[in-house]
4 protein chains.
Amino acid sequence: MLLNDVAALNRRLQHNHFQQWLGLTAVDAQPGEVELHVPWRQETESSHDGHFVHGGILAALIDTAAALAIRTIIDRSVRTLDMRVDYHAAARGALSVRGKVIKAGRTIATSEAWVYNADGVLAASGRAAFFFLASPDP
Amino acid sequence: MLLNDVAALNRRLQHNHFQQWLGLTAVDAQPGEVELHVPWRQETESSHDGHFVHGGILAALIDTAAALAIRTIIDRSVRTLDMRVDYHAAARGALSVRGKVIKAGRTIATSEAWVYNADGVLAASGRAAFFFLASPDP
Amino acid sequence: MLLNDVAALNRRLQHNHFQQWLGLTAVDAQPGEVELHVPWRQETESSHDGHFVHGGILAALIDTAAALAIRTIIDRSVRTLDMRVDYHAAARGALSVRGKVIKAGRTIATSEAWVYNADGVLAASGRAAFFFLASPDP
Amino acid sequence: MLLNDVAALNRRLQHNHFQQWLGLTAVDAQPGEVELHVPWRQETESSHDGHFVHGGILAALIDTAAALAIRTIIDRSVRTLDMRVDYHAAARGALSVRGKVIKAGRTIATSEAWVYNADGVLAASGRAAFFFLASPDP
């Protein structure tokens with residue numbers, strides 16, 4: 001099943017423990033693009049005083065949004081092969097992440113994602129390569 | 001302060017909300033190398049049935065171990081500039097992650113990290129570049 | 001000196017043996033963006049029969065365009081810290097590469113670049129992080 | 001055919017225009033590992049005065065050595081999916097590059113490579129993911 005609307009994306013996010021713990025919700029879906037809302041939670045912060053979201057959390061957001069962007073146009077389960085994340089500015093509070101397909105081939109797709117602070121500052125961005133699993137996604 | 005023994009590393013891990021939530025503990029420290037133990041917790045899993053640890057968690061482990069490896073030899077706070085993660089096999093249950101410095105310059109260092117399942121299978125690996133902050137780490 | 005027009009970019013490309021050998025010429029310059037033309041030459045190909053441009057050449061194009069995009073807005077020499085390249089389709093014949101700044105900070109900038117075949121097919125894309133050298137560029 | 005000795009690797013390097021132009025020769029082959037010698041040539045330098053080898057050339061070396069390392073143990077043509085390169089120090093003169101397999105799966109393999117100056121200084125390192133083409137390599 002294609003995950004090409006907000007409702008389908010949100011049902012999928014509910015089937016993933018970590019994404020559920022992060023409290024991710026889809027707020028936009030276009031062909032090849034998704035946007036997720038990321039609420040603040042203290043356990044995701046990197047220090048007791050600085051109030052930055054941990055870089056590993058930002059990587060998880062990029063992985064998730066990049067994968068779901070592919071699922072808006074490809075009806076196959078995908079597995080992340082590799083990912084690059086660039087950190088641009090401190091991430092604080094509630095965030096948004098936008099994923100977008102760069103290129104989808106027959107067995108591999110590449111997509112990118114952009115994490116923003118609430119004030120629109122780009123906190124992190126990255127790209128990942130995904131492999132399509134043989135069976136269509138249930 | 002250099003974090004060049006297991007006790008110093010574990011004190012540092014306690015000052016980070018997300019690393020504390022992950023339950024990370026240092027189990028080895030050598031000059032330019034660290035090893036962390038990662039207990040299993042259900043919230044880090046990627047699906048309700050597959051019991052895989054989420055790729056974003058593996059990225060967080062690589063970021064953390066790669067950064068701490070630098071802190072065994074460099075007495076400066078470091079900020080992650082960018083990271084690459086490769087996913088090799090499903091990660092399940094308790095894990096270990098080993099970080100190792102590739103090259104430390106005057107303001108930038110690069111290190112790598114390797115995430116293993118309890119049976120020794122390599123689940124993920126990666127590398128990251130770090131920038132040294134101006135002030136010595138408190 | 002900022003390299004913020006096609007003439008300044010082309011003068012700079014002439015001061016680099018490898019970029020000169022590649023025959024690169026700037027064809028567009030905007031604040032934070034450049035486009036280069038890449039003529040075909042047989043020595044850049046990957047095999048004697050397939051007529052693909054070698055992936056290392058595409059990496060060189062991405063590195064070059066990503067660096068020059070920064071030089072349109074930052075008057076400092078830059079050194080590449082690291083780069084990621086994704087290969088999407090075979091590159092053949094004359095190519096174009098477009099570089100664009102993602103984020104420029106005080107000492108580090110990140111930019112991306114996109115390599116196209118003459119028919120507009122995306123052959124490769126990537127991103128790189130750059131460090132600003134202390135002295136202004138002569 | 002596996003390329004599991006120096007002679008087989010050198011025959012393969014001869015079938016690639018760009019690798020031939022670079023003058024690459026295999027000097028060591030182990031299961032999952034290769035080492036190549038890289039002669040100096042002026043056209044690969046980055047500037048008219050600094051005498052640094054261009055970062056794109058180092059990327060080409062990493063791509064080539066990482067791919068050939070796989071070919072010592074996998075009898076399939078491989079295509080580079082993506083690559084990361086880290087630049088550690090200026091590369092000057094004749095170089096050597098050593099490639100090593102990180103993990104080989106059924107359709108994807110990841111390997112790393114390390115570029116050294118003649119004095120043993122690590123100039124660059126990186127890793128790449130490769131896809132196995134369907135047909136065995138002729």
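Data overview
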{"item": "Per the axis that maps chain B onto chain A, nearest residue of B (Cβ criterion) and its distance in Å", "result": "B:Ala59, 2"}
{"item": "For the stretch A:5-20, 3J(HN,Hα) per residue [Karplus equation, 6.51 cos²θ - 1.76 cosθ + 1.60, θ = phi - 60°, Hz, x = Gly/Pro]", "result": "9, 4, 5, 5, 4, 5, 4, 5, 4, 6, 8, 10, 3, 6, 5, 5"}
{"item": "Dipole magnitude (debye, nearest 20) for the stretch C:65-138, charges at Cβ of Lys, Arg, Asp, Glu", "result": "140 debye"}
{"item": "Per-residue HN-Hα couplings for the stretch A:92-101 [Karplus 6.51, -1.76, 1.60; θ = phi - 60°; Hz; x = Gly/Pro]", "result": "9, x, 5, 10, 10, 9, 10, x, 8, 6"}
{"item": "Calculated label separations, C:Arg41, copies of the chain, 7 Å along the beta-carbon direction, nm", "result": "1.0, 5.6, 5.7"}
{"item": "Cβ neighbours within 10 Å from other chains - mean over C:57-68", "result": "4"}
{"item": "Cα gyration tensor shape for the protein assembly as shown, rounded if a/c is under 1.5, else prolate or oblate", "result": "rounded"}
{"item": "Charge sum, other residues only, whose C-beta stays under 9 Å from A:Thr110's C-beta, Lys/Arg counted +1 and Asp/Glu -1", "result": "-1"}
{"item": "Kirkwood hydrodynamic radius of the stretch A:18-66, from inverse mean 1/r over distinct Cα pairs, in Å", "result": "11.7 Å"}
{"item": "Cα shape, the stretch D:35-99, gyration tensor, a/c 1.5 rule", "result": "prolate"}
{"item": "With DNA, RNA and ligands ignored, accessible area of C:Phe52 (1.4 Å probe; Å², nearest 10)", "result": "80 Å²"}
{"item": "Inter-copy label distances at B:Arg106 (7 Å, Cα→Cβ; nm, one decimal)", "result": "1.8, 5.2, 5.3"}
{"item": "Test item: C:120-127 mean partner chain Cβ contacts at 10 Å", "result": "4"}
{"item": "Other copies of D:Ala7: label-to-label distances in nm, shortest first, labels 7 Å along the beta-carbon direction", "result": "6.0, 6.1, 6.8"}
{"item": "Relative contact order (%) - criterion: Cα under 8 Å, at least six apart; region: chain B", "result": "25 percent"}
{"item": "Cβ-defined net charge surrounding A:Arg98, 10 Å radius [Lys, Arg +1; Asp, Glu -1]", "result": "-3"}
{"item": "Helix C:55-71 axis, angle to chain C major axis (alpha carbon atoms, nearest 10°)", "result": "30 degrees"}
{"item": "Per-residue ³J(HN,Hα) for the stretch A:25-37, Karplus 6.51 cos²θ - 1.76 cosθ + 1.60, θ = phi - 60°, Hz, x for Gly and Pro", "result": "9, 6, 10, 8, 9, 10, x, x, 8, 9, 10, 10, 9"}
{"item": "Residue-count net charge about B:Val53 - beta-carbon cut-off 9 Å; Lys, Arg +1, Asp, Glu -1", "result": "0"}
{"item": "Residue of D:Gly120, D:Gly23, D:Gly55 that the Gaussian network model of chain D assigns the largest fluctuation, springs spanning Cα pairs under 10 Å", "result": "D:Gly120"}
{"item": "Magnitude of the charge dipole, chain D, Cβ model with Lys/Arg +1 and Asp/Glu -1, debye to 20", "result": "420 debye"}
{"item": "Per residue convex hull volume, Cα atoms of chain A, in Å³", "result": "92 Å³"}
{"item": "Inter-chain shielding of C:3-11 (mean C-beta neighbours from other protein chains, 10 Å cut-off)", "result": "0"}
{"item": "Highest-MSF residue in chain A out of A:His37, A:His51, A:His17 [GNM, Cα springs under 10 Å]", "result": "A:His17"}
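The values are calculated or read from the model by the stated rules, or taken from the named source; none is laboratory data. The shown structure was predicted, so the numbers you read here are calculated from the model rather than taken from an experiment. Glycine also receives a Cβ, built like all others from the backbone with ideal geometry; neighbour counts cover every protein chain displayed. The accessibility values were calculated without ligands, DNA or RNA, using every heavy atom of the protein model including side chains. Shrake-Rupley method; radii C 1.70, N 1.55, O 1.52, S 1.80 Å.
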